[in-house]
1. Only residues of the range 217-258 count here: report those whose backbone N is under 18 Å from the spot 7 Å along Cα→Cβ of Lys23, or say none.
2. For a Förster distance of 25 Å, can you work out the FRET efficiency between the beta-carbons of Ser646 and Thr485, rounded to the nearest 0.05?
3. Which trypsin sites (Lys or Arg not before Pro) in the range 51-107 pass both tests, a DSSP loop state and at most 16 other beta-carbon atoms within 10 Å?
4. Multiply the residue gap between Arg297 and Arg409 by 0.36 nm, knock off their C-alpha separation, and tell me the result in nm, one decimal place.
5. Quote to one decimal, in nm, the extra length available between Arg678 and Lys397 on full extension: 0.36 nm per residue of separation minus the C-alpha distance between them.
6. Using only the C-alpha atoms of the chain, find the volume of their convex hull and express it per residue in Å³.
7. If you roll a 1.4 angstrom probe over the protein chains with everything in place, what fraction of the accessible area of the range 549-683 belongs to carbon and sulfur, to the nearest %?
8. Can you give me the accessible area per residue for the chain, using a 1.4 Å probe, in Å²?
Amino acid sequence: MKTFIPRVGYGHMALDYVIQRVKDLRRERAARLGAIRTREQAVRYRESVRRTIRAAFALAPAKTPLNARITGTIRRNGYRIEKVIFESRPGCLVTGNLYLPAEIGKPCPGVVSPCGHSANGKAYPSYQEVYQRLVHAGFVVLAYDPFNQGERDQYFHLPKLHPLRANCCAAHNMMGKQLELIGEYFGMWRAWDGIRALDYLLTRPEVDARRVGVTGNSGGGTLTTWLWAIEERFAMAAPNCFITTFLRNLENEIPADCEQYPPGVLGAGLEMADFLIARAPEPIVLLGERQDFFDLRGLREAYADVRRFYSFFDAEDKAAIFVGTHGHGYYPESQRAMVRFFCGQSGMKPPASDPVVRVEKDALLLVTPQGQVIPAGAKPIFKMIGEKADTLVAMRKVLSASALRGKARTLLALPSRTGAPRYRILRAFSTGTRPDFGRRLVAGRPALKGEIIFSRFAIETEGEIRAILKKRVKAFEATLSVEKTIALYLPHVSSEEDMASDGLARTLMARGPAYFLDVRGLGESLPDEDGPFLGPYGMDYLFHGHGLMLGESYLGRRVHDLLCVLDLLKKEGAKDVRLYGRGQGAIIALFGALFCPAVSRVVLKNGPIACREWTQRAVVNWPAACFVRGMLKEFDLTDCTRALGSRVKLIEPWDSQMKPYAVRELGHLLRETGLSKRILADH
C-alpha cells in the first residue's frame, strides 16, 4: 500500500484553535485592564496577577547552605573577576563569575545576570561585554551558568556529540518534560538558581542590597522577566530580546523552551506584560531589536500596557523602552541603554565614555578543574528527578477504580461532554496494492479489484477541532452506518501510515468492520511543518506547551477527542467496542478505555508500561505531548492497566527510547509493576 499523509485543509486546525483560545482570553484581559481607572483598582489587579504567578512558580525548595567557594581570581584594569561556585540546592552546583570594580569605597549596586541559550554560558562574548560595561560603571555583577550551558552539562556521561550535549535547548526540554511527571516546572528550577545567585550576591559586603538589578538576553531575558515577577529584592530590571506577547509567539509559530511556558498563566488570563506589571511601579526598561524573531509589535504592546499601568502610580518615568536595529542578541547599543537606565535608578552618573571591552577566552573563566560540575561532584538533574519520583511513588496511596478515574480526569483536564457530537461526511477515498491506484476519490461505486475504500468523517469534538474518522468499507457509503461490534484503532502518528506499514492495523483492515481515528494534531491534522514531528521543538511540542499555560493537557484533549467519537459510535449503534492503540495511540486508548464502559477489549501495541521509568533514565524519547503534569503524584499508567483487568492486552511494549524491551528487561518491569506476563499478547 502506498504510504502518504493527506493534506486536505486540516494542517493548521490545531494551531488555529489554540490561537483563537488565546485571542478570546486576551480580549477578556483587555477589558479588565481597560476598566481600571484608579490606583486602588490597579493594586487589586496587580495582586491578582501576583497570585497567579506565585501559583505557576510554586514548589520552591527550602533554602539550604550555599557552600560557596571562590576557586580563582582574574585581575584586569579597573576590575577583577572571581570564580564562584555554590549549591542552589543540595548537590546542584552552580558556576559563576563575579565582576567587582577595583576600587570600592562604599557598597556598590549589584546585578544578577542570567545567560541566554549560549553553549558556553557566562563566557559568551556579548555577555562578557554586558558584565564589563556594568562593572566599569560601578556595579558588582554575578553571571552564572544555566543548566546544560557553560560548566553545567548534566549529561556529561553521554558521548560528546549526543544531541543533549550539543544543544542546550533540547536538554532543557528533556529535563522539563521529566519534571512535569512529578508536578514541577523547569522554569522554577531555573528561577531558583537565580534566586540563590542573588542570595550569594547579597552575602558580599561590596554590594548594596537596596540597589540590585537583573538583566539578561533571550533565555536570560526570560529569566530576568520571571525573576523580576517573583523576587521582590530586585530593585530594577532590563529584559532584552524576550518580551513580546504570548499570542505573537503562537501566531508566528515560534516554539519556546519549556521554562518559557509557565503553567496556568494563559488560562488565568495573563499576558507577558503582566510579569512586569506584577512589580509596578518599580523601575524597568524593555530592550529589543527591530529584526528580532520575538515580534517587535508584541514588545510595543507590552510596553504600552506597562506604561499605562504605571501611570496609576504616577510612575511613567519608571518604565522605559529601547529598540535597536539588529537581529536577536544583546548588542552594544542595548547594553549602553541598560547601563544608563540602571545608573539612573541607582543614583549614579553613567560613564562618560564607552569602556574598552576585553573578551576573555572560555578556558580562563572556568570555575571547576575540568570545566564541568559533574566531575566536580554535582548530582545531575535527572538523578534528582528520579529520586523525587521514587519518593512520590512510595508515598502514593492505592486508588479505587472510581478514585483513579477522578484523578485522571482532573490531571487530563477533560472537558465536559453533552451527548454525541456533530459530524461531517467527508469525501471517501480509495487506495490499493497496485502502484497505478494511487489515491482516488470515490463516489457511489463498489471497490475495484485490489482496491480498498475508506469512508471519512470529521467529528466536531471541541470548537473548530475535528477528529478524522475513517472506516474500511466494501462500497461507498453516504452515511455513518455503525455495526454493533466494531474495532477502533488509534495510530502512533497517522492512521494511514499505520495502515500501510503496521501489521496490527492491516489485520484489522482485513477483518472489518474497522474504524481508524486521527485525533487532533495527528494523521490528517498533522501540523504543516518541515522539521521532525516528534522533535523537541516541533508544533506538537508547541501545542503541549500552550496546553500547560492554559492549565490544560494536550494529551487530555486528545483523549477527549476519542471519548467524543466513542459517544458518537455508541449513539449510532455500537454496543461492543474493541479499542486498539499503537505508540502514542496506545496511551490515548488506555485512558479512553478507563472512561468508557462500552470498550470490552483494549489492545495496546508499542505503548509504555509505566511513566515512572521515564524519570529513571537520562534520556527519554517519548514526546512531551505524552507527559501528564503531576501524574506520578497520584498514579501511573500501570494503575490504569490494572483497573481494566482482563480487558487489556499488551503487544511489544516500548521502553523509554520508544524501542521494544529486551525479554529479560520486560520480565523484570512486569514483576516490578505487579503485572502478570499473561497480559502480553502475540502480534
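1. Of the residues in the range 217-258, 245-254 have backbone N under 18 Å from the label point off Lys23.
2. Working: r = 18 Å, r/R0 = 0.71.
So the FRET efficiency works out to roughly 0.90.
3. Working: sites: Arg51, Arg54, Lys63, Arg69, Arg75, Arg76, Arg80, Lys83; in loops: Lys63.
Qualifying residues, ordered by number: Lys63.
4. Numbers: separation 112, 0.36 × 112 = 40.32 nm, distance 3.86 nm.
Difference between extended and current length: 36.5 nm.
5. Values: separation 281, 0.36 × 281 = 101.16 nm, distance 2.56 nm.
Length difference between fully extended and current span is 98.6 nm.
6. On the way: hull volume 112.8 nm³, N = 683.
Given the Cα convex hull of the chain, per-residue volume reads 165 Å³.
7. On the way: 2220 of 4680 Å².
Roughly 47 percent of what the probe reaches on the range 549-683 is carbon or sulfur.
8. Numbers: 25950 Å² over 683 residues.
Here the residues of the chain average 38 Å² of exposed surface.
The values are calculated or read from the model by the stated rules, or taken from the named source; none is laboratory data. Here the structure is a predicted model, which means the values were calculated and not measured. Note: ideal-geometry Cβ built from the backbone for every residue, glycine included; neighbour counts use all protein chains shown. When the accessible area is computed, the model is the full protein with side chains, heavy atoms only, and any ligands, DNA or RNA have been set aside. Shrake-Rupley method; radii C 1.70, N 1.55, O 1.52, S 1.80 Å.
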